[in-house]
Structure formats: structure tokens, C-alpha cells
Amino acid sequence: NAGVTQTPKFQVLKTGQSMTLQCAQDMNHNSMYWYRQDPGMGLRLIYYSASEGTTDKGEVPNGYNVSRLNKREFSLRLESAAPSQTSVYFCASRKSATRNSNQPQHFGDGTRLSIL
Amino acid sequence: LAKTTQPISMDSYEGQEVNITCSHNNIATNDYITWYQQFPSQGPRFIIQGYKTKVTNEVASLFIPADRKSSTLSLPRVSLSDTAVYYCLVVPVMNRDDKIIFGKGTRLHILP
């Protein structure tokens, strides 16, 4: 199994360009997440999807949109990229928790995005 | 969601035992305590979780006191390869919206 796959791994954009980051998981997980990581800031939640057909805002959703295309795929779109969106983006997935256990998240290797 | 507080950074030496403590004063009854490890240029990786008392696996031990307001991640006999950022999370079980927040983590630096 590949786990969580993110594409592309690297991308450079000019200010104002649009871009879609792709994420796919093959573990039949219900929940999927997008985080961004900036130096010294830890991971900040952008959007998440608890199930196919639902999406919710996280801590820093402004400037982003998401699509839960199906159970496997969760994409993140920058409609008009800004230098402040230069970051490393991580996608994660998780099997839904049961009554007596927590299910850990599985992360992809990240997409390194630079906005000039 | 319960907020966690952990040291920003720690240094230790190879062969030492390292303990990283996390405070979560407003932890709820249904919350689990989960720790992740992140190496440079990689996504975080789950290492251990627990609800109460002590949990041990091949990587680490997790100590949780009876009041559950804090937890301690213990790494035995660390090596240079344990240099990483360690995140403490409090995750609600049966949380319908499944929102999971990370903090800034603890940057652990192992010295030779």
C-alpha cells in the first residue's frame, strides 16, 4: 500500500497564479486533512473532511478551497496565490475513531510550495 | 478541543533517557493523548497514544497520571536519529467533526 500520496512534491508559482494540490489515500480512511507548516509554527489545520461529501474549515482556511472528490481523494486549491502562502503542505488521513479507541493520522511526504 | 502546552525545545545527549512533558489541563473524559514524531522534510508519524496509566511500545513509553492533566513521553537511550519535533495532541474519541489540531511541538536535539 502506498498510504497517503501527495502531488506535486515541489512547485513554484507566481503571485496571482492558481494551483491545485492533490492528495490520495488507499487505506479506506473516512477523514482527510490539509495542514500547512511554516518555520517555528508547527502544523496548522487548513481544512478537513470527516467523510465523503463534507468539508469544514480549520484554523487558517482563508485563501484556500478544498474538494473531497471521493473517499480516496482530497484536493486543496489556491485560487490566487500569495507570497504568504509559501509553505510546506501536508495531507493526512485517518480512520474514524470508535467508541473506545483513537485512530492515528497518516501523513503524506508534503508539497513544498513557493510563491514568488 | 483541549489545549496542550509543551516545551519549545530540549537538548540531550546520546544514550540518555529523555522525558518530554505535556500539559493538558482541560482534557475531557473522552479525550485520548497522542504523540507524533516529525523528522526534517517528512510528515509527522504516530508513535504512541494512551488514555490513562502507562503505555509502552518499541519506540517509547507514555506516562499519564490519574488526573490526566499532563502526560510524559519517555524515550529510552536516545540516539542522534531521535532528533526530531515531538507533538503532543489531545484527541476526542467520537468527535463527530473529527477536527485535529497540532501545536508547535517540542524540538528535541540530541548531541553526541
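We did not get these values from a lab; they are worked out from the coordinates using the rules stated. Computed from a prediction, not measured in an experiment: that's the story for all the values here. Note that we place each Cβ from the backbone using ideal geometry, even for glycine, and neighbour counts take in every protein chain shown.
Provide the packing ranking of A:29-36, A:43-50, B:7-14, i.e. peptides ordered by the mean count of other C-beta atoms within 10 Å per residue, highest first.
Most protected by this proxy first, the peptides run A:29-36, A:43-50, B:7-14.
What ranking of A:Arg68, A:Arg77 emerges when the number of other C-beta atoms within 10 Å of each C-beta is taken as an exposure proxy, fewest first?
So the residues, fewest neighbours to most, are A:Arg77, A:Arg68.
Translational diffusion coefficient, Stokes-Einstein: compute it for the protein assembly as shown using the Kirkwood radius over C-alpha pairs as Rh, at 4 °C and 1.567 mPa s, and state it as an integer in µm² s⁻¹.
71 µm²/s
Could you give the dipole magnitude of chain A about its Cα centre, charging the beta-carbon of Lys and Arg +1 and that of Asp and Glu -1, in debye to the nearest 20?
Around 100 debye, computed over chain A.
Any idea what the relative contact order of the stretch A:20-76 is, in percent, if you count C-alpha pairs under 8 Å spaced at least 6 apart?
After rounding, I find 37 percent.
So, in nm, how far is label A:Lys57 from label B:Thr72 when the simple model puts each one 7 Å beyond its Cα toward the Cβ?
With each label point 7 Å from Cα toward Cβ, the separation is 4.1 nm.
Over chain B, with a single point scatterer placed on each C-alpha, what log10 of the ratio I(q)/I(0) does the Debye formula yield at q = 0.11, 0.18, 0.24 1/Å?
Values, matching the q order: -0.33, -0.86, -1.44.
Picking from B:Trp35, A:Val4, A:Leu45, whose Cα lies most toward the positive end of the charge dipole for the protein assembly as shown (charges on Cβ: Lys, Arg +1; Asp, Glu -1)?
The residue sitting farthest along the positive end of the dipole is A:Leu45.
Would you mind ranking B:Ile48, B:Ile100 by Cβ crowding within 10 Å, fewest neighbours first?
Ordered from fewest to most neighbouring Cβ atoms within 10 Å, B:Ile48, B:Ile100 come out as B:Ile48, B:Ile100.
HN-Hα J couplings of the stretch A:41-50 from phi, Karplus 6.51/-1.76/1.60, θ = phi - 60°, integer Hz, Gly and Pro as x?
10, x, 9, 10, 7, 8, 8, 8, 9, 7
Relative contact order for chain A: what percent, with Cα pairs under 8 Å and sequence separation of 6 or more?
35 percent
A:Thr86's amide H: which non-local residues (gap 5+, or another chain) put their own amide H closer than 5 Å, with H modeled 1.01 Å from N in plane and none for Pro or chain starts?
The answer is A:Ile115.
I'd like the Karplus ³J(HN,Hα) series for the stretch A:88-93: coefficients 6.51, -1.76, 1.60, θ = phi - 60°, whole numbers in Hz, and an x wherever there's a Gly or Pro.
9, 10, 10, 9, 9, 9
Can you give the Kirkwood hydrodynamic radius for chain A, in Å, rounded to one decimal and based on Cα pairs?
By the Kirkwood definition, the hydrodynamic radius is 14.2 Å.
How large is the dipole of the protein assembly as shown about the Cα centre if only Lys and Arg carry +1 and Asp and Glu carry -1, each at its Cβ, rounded to the nearest 20 debye?
The dipole of the protein assembly as shown has a size of about 360 debye.
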